[in-house]
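Structure record follows, encoded as structure tokens.
The values are calculated or read from the model by the stated rules, or taken from the named source; none is laboratory data. All values reported here derive from a predicted model rather than from experimental measurement. Because the Cβ atoms are built from the backbone with ideal geometry, glycine has one as well, and the counts that use them run over all protein chains shown.
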Amino acid sequence: MNTFRITHTTHYVYTNPVSRCHNEARMSPMNLPLQTCAFSKVHVSPSPRSSFQRIDYFGNHVFSFDIHQQHQELTISVISEVATTPTSKLPSPPPTNSVPWDQFYQHLEHVNKHKQLMMYEFILPSPLIPQSRCVKEYALSSFPPDRPLLDAVNDLISRIYHDFKYEPGFSTLSTPLEDVIEHRKGVCQDFAHLAIGCLRSMGLPAMYISGYLETDSPPGKPKLTGVDASHAWLNVFIPEFGWQGFDPTNNQIANERYIVIAQGRDYADVTPLKGVIYGGGHHHLKVQVDVARTHTHTFN
Amino acid sequence: MSNFTNETNSDWLQQYQQQLRPGFLDEMWSGESLCIKPAWQPLIQQLHSLTPRAFEKPRLEAKRLLQENGITYNVHSQTNQYLRSWQLDPLPLVLAEHDWQLLEKGIQQRAFLFDCILQDLYGERRLLKQNVIPPELVFAHPGFQRPCDQVRLAVSHQLMHFAIDLARGADGQFWVLADRAQNPSGAGYALECRMIMNRIIPEALRPITVHRLYHFFQSWRNGLQALVSQHLDDARIVVLTPGPDSDTYYEHAYLATYLGYPLVQGDDLTVRDGKVWLKSLAGLQRVDIILRRTDDLACDPLELQQDSQQGVPGLLQAVRNQTVAINNPLGTSILENPGLLAFLPAITKNLLGESLHLPSIATWWCGQKTALNYVLAHLEQLVIKPIFGNEPYYYPAMMTINEQQQLKRKIKQMPYFYIGQQQPQLATTPTLIDDKLQPRYYQLRTFLVAEGGAYVALPGGLTRIANNNEGWFQWQTNGGISKDTWILSHEVDRPIRLQPLTPGVMTALSYEGILPSRAAESLFWVGRYIERAEGSSRLLRTIMDRINNQDECASEADQRCLYVLLTGLTLMTNTQPGFTGEDVNQQYKQPTPELLSLVRDSERIGSLAQVLAAFLHAAFSVRDLWSSDTWRTIDDIDDILGQLYCPPTDLGDLQNCLDELITTIMAFTGLTAESMPHESGWYLFDLGRRIERSLLQISLTQSCFNQTLDDTVDHLLQEALLVNNESLITHRRRYRALQQMENTLALLILDETNPRALAYQIYRIQRLIDHLPRHQQREYSAEQRIILATTTRLRLATANTLAQRGEDGLPHLLLKLLDECNSNLLELANTLHHTYFSHTEQAQQLTSMSAEVSLPNEVNV
């Protein structure tokens, strides 16, 4: 069991006063078979006039609030404690003889109706991942007939990892995948979107995950606080093992160092913080994330 | 049939029969029995003495009424184009009672069915889990709004109103063409058509008994009221419209007025403490029920479509909290997915355990392989429609081979996004086209509302006529020719008017005084613009009059006087450079081009055309607040604006045009004073007028007295001022003697009884301000203090001192007074804005744009 204490602070400074705002945050980690969120506290300043909590269509925690007093700064801090289990569903090393990707649908009998139905949500194009010939062309070489699904997915994320340069600042949310493919660069959410688009173009379900990844300090130096960041990867449904995380940014299978906040069809479903503000002019945004390990327990 | 059949040898009926194609079904004429169908006999019996020509008068009358009521009005007429022409055919569609009863059963079942589908899709989704419908049909349709999942109204029916487009097939059976669920429009138009028919139909037709429409609207109100009646007798209900730019805005205003609910836009509402509030002149007022005419996606920019400017952020959370009921519920547009039609028989069986009474037009959803193959193989026999959005329909029969190939590729790329639909053989109904009776295809939109656990159908509907009678007919979504729909009745329906049902509902009346801040602001601007238009027209007229009369005795003094007035016009209308620029002497000599530009150049801020267009826009945005008589004068002003765009080049003719405009403006302001309740809305309208009139008056007076002129010019100018302010006659009667500045000022500045005097406006403003709602009762409000200072200042002044000129020949005290009044009034307008109007700030989206940086090399795998 690994326990993490995560502090995620979002700080907005506006050039003009904001008279009111309505916001929605998806920043509290989910509870999943391999992940338990012991608690998650959201603190907003200035304090909201009212706030509501709910679980959305995809099972994510949503915290919504509105502020009606004039303000020029807005801070949202979320402190969560999450435990992850190192025993992955996937044996290590991953088996190479899994179900061939093109026989995916013949191996779903054991999956319950509701799960099967939800799977369709992740096969169809979504707002930020529309159907694209370009994406399919990129995907094809990883999916020769009869190739085991796990193999194909590993090949795909490894290709993305090697073909694309990690370069912040190049892309925004509205950058189409075609541009990412053309320039061969982007950030984690572009790579996750691309991998999802590829899988869907082959008729396979893939889900967007927003979360955190525990990082290490440079050798010999203490870990600095607040240098972590939120991260994005994807889940692929493997008939024998269920939904499994893959991280094309780091070319690896998601393990106990990956902490899931929210899941959806693409970034639009899991946007950490959305809002409508009145006034405000321009804004300056500062985000600080700290993922601190509080406890490690190894099984013998 | 009766011997009447033998008598139908009138020419027009014979001509009509000749136009019918064999094998086609006509509503009026039975091709089998070669006679007029019984339902139509009472109508034709009365008509057969009449000729279609006799309908010409009612047709024109209908056109006039539609125009006057603003149904054809489009706010885009700023470009002076009527984008829609809505015509009403005086000949109704007649349906026999037994025909209707069958149809009614069918549409009621369908409304019930679609309510069940809606509840299932946002609830258990059994239809999907049991494979009754394929998941793509729902998940890939943008109308399926995931944030609306599991959100419910607190009543059994979720779908509160519903509309169904029907057409009769050649076999006599009615077929459903489409379903309208999110905010079905047209019931208001159907009502309007009936109202107009009641006015125009010939006396002879009145004895025919037809089902009335009132009951339906009463049911609608009851159904709405029932959404909260458990705990509230005086539920606050508002009609939410996207605003005057919407195609169906007229209907929103019409319905709001008819049902008796305030018409509001997204900006008028705000969510606080998880509840919805109306920003009114008197502060925030709780809203319990929203009858929305805004599309699903546009309703909440926080959770639904982010860039919507028509919505209310946080609305969906309030709906979730069940503190407000919105209907139809958000997310309903999933029901408008035409792909559902292909599965309706199975859905009906699954949800209701019965079969579908009313068939839908044959539809193939391309998301299924067999259907896709069928559509591709029979492309030319089908219409291809996308399941969502604004993509146009495709008519492959009218395409080239190449275009068909392209379309096929498009379909194959996203098969689940397209359907193929058969084009059935449709029945025709007699329609008056160019004086002749012609058989035309028609479509009937029927309406239902939920009341007390059942669906009530409007006994009638909106009948629309196809644009042409050839092959692939297309319907205009708006406009075209419409008809009233008569369901014959054996007995006369008890006429009822919309009345509050229970004594409890009476308290809702207290709501009537509540005016949304935005509407208040619009009224204020209606007042300012109309006064600005009047002021400019008057001065333009005075100036043109002088130019026209100048040729005869163009003395130097006359010229000077004209120049001062021209410069005054530029300053008053704020249209510099005009007659203030460097080339002013050139302009003075040839003023006509600049004057014409000030009349007609709608692109130019301050021109008469621009001010009138702004007036119309503001007036239209509070369409629900004008009486029908008042609206007629607004419509007349619109007509005159049309003439102004291409004004006569002859200044004399232009003067006549301005005369007419001024009279119409006076009719408008007069009617408003007589027909609008003198409460908040009217106070603001009048405040706008008075403030604007004062400002114009001050500007012109300043222009006339801020320079030293010789006595003759001075005299001529004062006369022009008096003429311009309709005060010359009074002046002559009162002072007889030669004009003296002192007398002119007494009459135009200080006279509290002269409706054209500055003092009159200021005292009026003072009284109006006292009527406005105030938060702090103990001390004078900021507005009261400003106006008190101004009134006092004016009351302490005397005409004699104001008329005194200094050594430089300028009346310094007068100019100082005018200056002070001017800045006080501007401050007042500003303060009113802050205190009473919704401070509509631009909303912007705040999205944390990126899930960021996790640098690969920092990770130790």
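Is there a residue being in a helix (DSSP H, G or I), among the hydrophobic types (A, V, I, L, M, F, W, C) and at negative phi anywhere in the stretch B:157-167? Checking the stretch B:157-167: not a single residue is in a helix (DSSP H, G or I), among the hydrophobic types (A, V, I, L, M, F, W, C) and at negative phi.
Total residues in the stretch B:109-131 satisfying the condition of being polar (S, T, N, Q) and outside any helix (DSSP H, G or I): the figure is 2. Hey, does the stretch B:273-285 have a residue that's away from every other protein chain (no Cβ under 14 Å), among the acidic types (Asp, Glu) and in a loop (DSSP other than H, G, I, E, B)? No; the residues of the stretch B:273-285 include none that is away from every other protein chain (no Cβ under 14 Å), among the acidic types (Asp, Glu) and in a loop (DSSP other than H, G, I, E, B). In the condition set (1) within 12 Å of chain B (Cβ to nearest Cβ); (2) touching a Pro at 6+ places or on another chain (Cβ under 6 Å), residue A:205 is compliant with all but (2).
Count of the stretch B:270-304 residues, restricted to those that are touching a Phe, Trp or Tyr at 6+ places or on another chain (Cβ under 7 Å) and surrounded by fewer than 23 Cβ atoms within 10 Å (Cβ to Cβ), is 4. Taken over the stretch B:286-321, the criterion of being part of a loop (DSSP other than H, G, I, E, B) and over 24 Å from residue A:269 (Cα atoms) is satisfied by B:287, B:288, B:293.
The residue that is farthest from residue A:215 (Cα to Cα), among those in the stretch A:268-286 that are more than 7 Å from every other protein chain (Cβ to nearest Cβ) and surrounded by 20 or more Cβ atoms within 10 Å (Cβ to Cβ), is A:269.
Within the stretch B:802-814, residues that are closer than 17 Å to residue B:703 by Cβ and in contact (Cβ under 8 Å) with a residue 60 or more places away in the chain have Cβ atoms under 8 Å from residues that are assigned to a loop (DSSP other than H, G, I, E, B) and charged (D, E, K, R) in these pairs: B:811/B:805, counting only partners at least 6 apart in sequence or on another chain.
Applying the criterion of being more than 32 Å from the chain's Cα centre (by Cα) and of a type in the set (Lys, Arg) to the residues of the stretch B:107-132, the residue that is farthest from the other protein chains (Cβ to nearest Cβ) is B:126.
Among all residues of the stretch B:584-603, there is none that is under 16 Å from residue B:721 (Cβ atoms) and in a helix (DSSP H, G or I). In the stretch B:117-133, the residue that is farthest from residue A:114 (Cα to Cα) out of those that are surrounded by fewer than 19 Cβ atoms within 10 Å (Cβ to Cβ) and not charged (D, E, K, R) is B:119. Of the listed requirements (1) touching a residue at least 40 places away in the same chain (Cβ under 8 Å); (2) surrounded by 17 or more Cβ atoms within 10 Å (Cβ to Cβ); (3) within 21 Å of residue B:844 (Cα to Cα), residue A:100 misses just one: (3). Number of residues in the stretch B:1-23 that are outside any helix (DSSP H, G or I) and at pLDDT 50 or above equals 5.
Exactly one residue among B:802, B:817 is assigned by TED's automatic domain parsing to the domain that holds residue B:689 and modelled with pLDDT of 95 or more, and that residue is B:817. The condition (being of a type outside the set (S, T, N, Q) and touching a helix residue (DSSP H, G or I) at 6+ places or on another chain (Cβ under 7 Å)) is satisfied by just one residue among B:171, B:179: B:179. Per the listing B:419, B:387, the residue uniquely within 14 Å of another protein chain (Cβ to nearest Cβ) and touching a strand residue (DSSP E or B) at 6+ places or on another chain (Cβ under 9 Å) is B:387. Scoring residue A:111 on the criteria (1) free of Cβ contacts under 8 Å to residues at least 12 places away in the same chain; (2) assigned by TED's automatic domain parsing to the domain that holds residue A:236 leaves a single failure, condition (1). When only residues in the stretch B:321-346 that are surrounded by fewer than 20 Cβ atoms within 10 Å (Cβ to Cβ) and of a type outside the set (Asp, Glu) count, which is nearest to residue B:160 (Cα to Cα)? Top of the filtered list is B:322. Within the bounds of the stretch A:138-159, is there any residue that is hydrophobic (A, V, I, L, M, F, W, C), within 14 Å of chain B (Cβ to nearest Cβ), more than 13 Å from residue A:252 (Cα to Cα) and in contact (Cβ under 8 Å) with a residue 60 or more places away in the chain? The answer is no; no qualifying residue exists. Taking residue B:598, is it more than 23 Å from the chain's Cα centre (by Cα), within 24 Å of residue B:66 (Cα to Cα) and crowded, with 19+ Cβ neighbours inside 10 Å? Taking the combined requirement at face value, the residue does not satisfy it. Just for the stretch B:305-334: of the residues that are more than 26 Å from the chain's Cα centre (by Cα) and more than 10 Å from chain A (Cβ to nearest Cβ), which one is nearest to residue B:142 (Cα to Cα)? Across the stretch B:305-334, the extreme among qualifying residues is B:334. For residue B:709, the requirement of being in contact (Cβ under 8 Å) with a residue 40 or more places away in the chain and out of contact with any Lys or Arg (no Cβ under 8 Å at 6 or more places or on another chain) is not met. Looking across the stretch A:177-202 at every residue that is within 11 Å of chain B (Cβ to nearest Cβ) and among the small types (Gly, Ala, Ser), the one that is surrounded by the most Cβ atoms within 10 Å (Cβ to Cβ) is identified as A:192. Just one of the listed residues (B:513, B:461, B:471) is modelled with pLDDT under 85, of a type outside the set (Lys, Arg) and within 23 Å of the chain's Cα centre (by Cα), and it is B:513. The one condition from (1) farther than 26 Å from residue B:525 by Cα; (2) among the basic types (Lys, Arg); (3) buried (at least 21 other Cβ atoms within 10 Å of the Cβ) that residue B:689 does not meet is (1). Considering the conditions (1) within 9 Å of chain B (Cβ to nearest Cβ); (2) in contact with a Gly (Cβ under 8 Å, 6 or more places away or on another chain); (3) free of Cβ contacts under 8 Å to residues at least 40 places away in the same chain; (4) not aliphatic (A, V, I, L, M), residue A:231 is excluded by exactly one of them, (3). The condition of being surrounded by fewer than 21 Cβ atoms within 10 Å (Cβ to Cβ), outside any loop (DSSP other than H, G, I, E, B) and under 19 Å from the mean Cα position of the chain (by Cα) holds for only one of A:174, A:158, that being A:158. If the condition is being over 20 Å from residue B:184 (Cβ atoms) and of a type in the set (A, V, I, L, M), then the stretch B:283-314 contributes B:284, B:287, B:302, B:312. Residues in the stretch A:96-146 that are aromatic (Phe, Trp, Tyr) and outside any loop (DSSP other than H, G, I, E, B): A:101, A:104, A:105, A:120, A:138. The residues in the stretch A:106-155 that are under 15 Å from residue A:205 (Cβ atoms) and acidic (Asp, Glu) can be counted, and the count is 1.
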